[in-house]
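What follows is a single structure, written as structure tokens, with notes after it.
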Amino acid sequence: MLKIAAITLPGAPQKITTTLSTRDRLGHLLVRLGWRRRQYRTEPALYRIGSPTPESPVIVTANYTLTVDTVRDACAGLDLWVLVIDTRGINVWCAAGKGTFGTGEIARMVKEARLDKIVKHRRLIVPQLGAPGVSAHRVKQLTGFDVVYGPVRIADLRPFLAADMRANDDMRRVRFDIADRIAVVPIELVMAWPLLLIALAAGLWLWALHAATFWGAVLPLLGAVVMGTVVVPIALPLFPFRPFVLKGLAGGILWALLMIALFPADLLTAARHLTLLPPVTAYLAFNFTGSTAFTSPSGVKAEIRWFTWPLLVWFAVGVILYIVDMARGWLS
């Protein structure tokens, strides 16, 4: 667990800097690549940025260090209190869905930090993306503090505060722009490493048996993994379906058709591409729901309920055709 304290004063909240160091940025890079992601945490506590007074605003955030660093970087020049609650190292939106960014933990930290003794007002600014896990009236009952839902993005905190804590429509709009999607692609690739390893291992095995089958067997599978983890996430709005599984299937079918067009094949090989590749891409694209800010737990459960068995059957047919097609190549 990380402590990001610039100064420690006995009996006072710790002050955190708003300047990110080279070490901080290296940590961000490594965590986006999956390195010790679950251990990338900041100690839950009340912190101060700048020189806050008893009248200064209090913002609540998660103890995922990448989130805390984003908050402190965006708050340079402001004077405020930051209540970091224990979300087990998970970001605000995901923690709200899992229940760790919630009413009980906020109330616990307000009491533990003795916030009522530090500030004169009774307002907590909670990120809008944390709203699914927070019951404002229960927080009020438990702590005496009112919950004010802040903007979606911490970059809008300054104008939000300047407008007397009133958010306009633009501050409430949930975006997931191309830069946001590209930022989470590396972890999607890292999470897909077992499939990449399987594809490469299968390719080496096939090459040992019959060198001519290597690219024909491995390139389509590798491409399907890249399609599901990189291309579909980056081009997400271009696929005209709401379920992520269908977006992935569309990308997989396009990739299969491209393989058929680039490497002319008979009916069996074409059928193998069309049955094996789309389910792989669909599965990987579905995993991307956990990286977006506009899916819901109920929607994810619905996709699992609707598509799991059809995808498994589709994939099983593809595996059978793959084996038959490869065996035909070896025997020829």
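The values are calculated or read from the model by the stated rules, or taken from the named source; none is laboratory data. If you're wondering where the values come from, they're calculated on a predicted model, not measured in any experiment. Please note: Cβ atoms are built from the backbone with ideal geometry, for glycine as well, and neighbour counts cover all protein chains shown.
Structure notes:
- Restricting attention to segment 290-303, the residues being modelled with pLDDT of 75 or more and exposed (fewer than 13 other Cβ atoms within 10 Å of the Cβ) number 2.
- Test: Thr269 is under 13 Å from Thr229 (Cα atoms), free of Cβ contacts under 8 Å to residues at least 60 places away in the same chain and assigned by TED's automatic domain parsing to the domain that holds Met191: no
For every residue, the table says whether it meets (1) more than 19 Å from the chain's Cα centre (by Cα); (2) modelled with pLDDT of 90 or more.
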site: Val139; (1), (2): yes, yes
site: Phe145; (1), (2): yes, yes
site: Gly150; (1), (2): yes, yes
site: Phe160; (1), (2): yes, yes
site: Asp169; (1), (2): yes, no
site: Arg173; (1), (2): no, no
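- Within segment 270-289, restricting attention to residues that are among the hydroxyl-bearing types (Ser, Thr, Tyr) and either in contact with a Pro (Cβ under 6 Å, 6 or more places away or on another chain) or at pLDDT 85 or above (or both), the residue that is surrounded by the fewest Cβ atoms within 10 Å (Cβ to Cβ) is Thr275.
- Scanning segment 76-99 for residues that are surrounded by 20 or more Cβ atoms within 10 Å (Cβ to Cβ) and out of contact with any Pro (no Cβ under 9 Å at 6 or more places or on another chain) gives Gly89, Ile90, Asn91, Ala95.
- Hits in segment 173-188 - residues which are assigned to a helix (DSSP H, G or I) and under 19 Å from Asn91 (Cβ atoms): Ala179, Asp180, Arg181, Ile182, Ala183, Val184, Val185, Pro186, Ile187, Glu188
- Some residue of segment 4-27 being in contact with a Pro (Cβ under 8 Å, 6 or more places away or on another chain) and closer than 21 Å to Ala155 by Cβ: no
- In segment 169-188, the residues that are within 22 Å of Met227 (Cα to Cα) form Cβ pairs under 6 Å with partners that are assigned to a helix (DSSP H, G or I), at six or more places apart or across chains, as follows: Arg181/Pro233; Arg181/Ile234; Val184/Ser291; Val185/Val230; Val185/Pro233; Pro186/Arg32; Ile187/Arg32; Glu188/Thr229.
- Against the numbered list (1) of a type outside the set (A, V, I, L, M, F, W, C); (2) surrounded by fewer than 21 Cβ atoms within 10 Å (Cβ to Cβ); (3) at pLDDT 90 or above, Thr8 comes up short only at (3).
- Only listed residue being in contact (Cβ under 8 Å) with a residue 24 or more places away in the chain and surrounded by fewer than 20 Cβ atoms within 10 Å (Cβ to Cβ), chosen from Val68, Val148: Val148
- Annotation: of all residues in segment 13-47 being of a type in the set (Ser, Thr, Tyr) and touching a strand residue (DSSP E or B) at 6+ places or on another chain (Cβ under 8 Å), the one that is surrounded by the fewest Cβ atoms within 10 Å (Cβ to Cβ) is Thr18.
- The sole residue among Ile125, Ile154 that is β-branched (Val, Ile, Thr), touching a strand residue (DSSP E or B) at 6+ places or on another chain (Cβ under 9 Å), farther than 28 Å from Leu29 by Cα and crowded, with 20+ Cβ neighbours inside 10 Å is Ile125.
- Residue within segment 157-166 that is touching an Asp or Glu at 6+ places or on another chain (Cβ under 9 Å) and touching a residue at least 12 places away in the same chain (Cβ under 8 Å) present: no
- Residue count, segment 50-69 (criterion: under 19 Å from Thr100 (Cα atoms) and part of a helix (DSSP H, G or I)): 4
- Restricting attention to segment 69-106, the residues that are touching a Phe, Trp or Tyr at 6+ places or on another chain (Cβ under 9 Å) and closer than 18 Å to Pro13 by Cβ total 7.
- Residue satisfying condition, being more than 23 Å from Ile187 (Cα to Cα) and among the hydrophobic types (A, V, I, L, M, F, W, C), within set Ala62, Ala96, Ala113: Ala113
- Matching helices (runs of 4 or more DSSP H) fully within segment 89-162 where at least 2 residues are among the acidic types (Asp, Glu): 103-112
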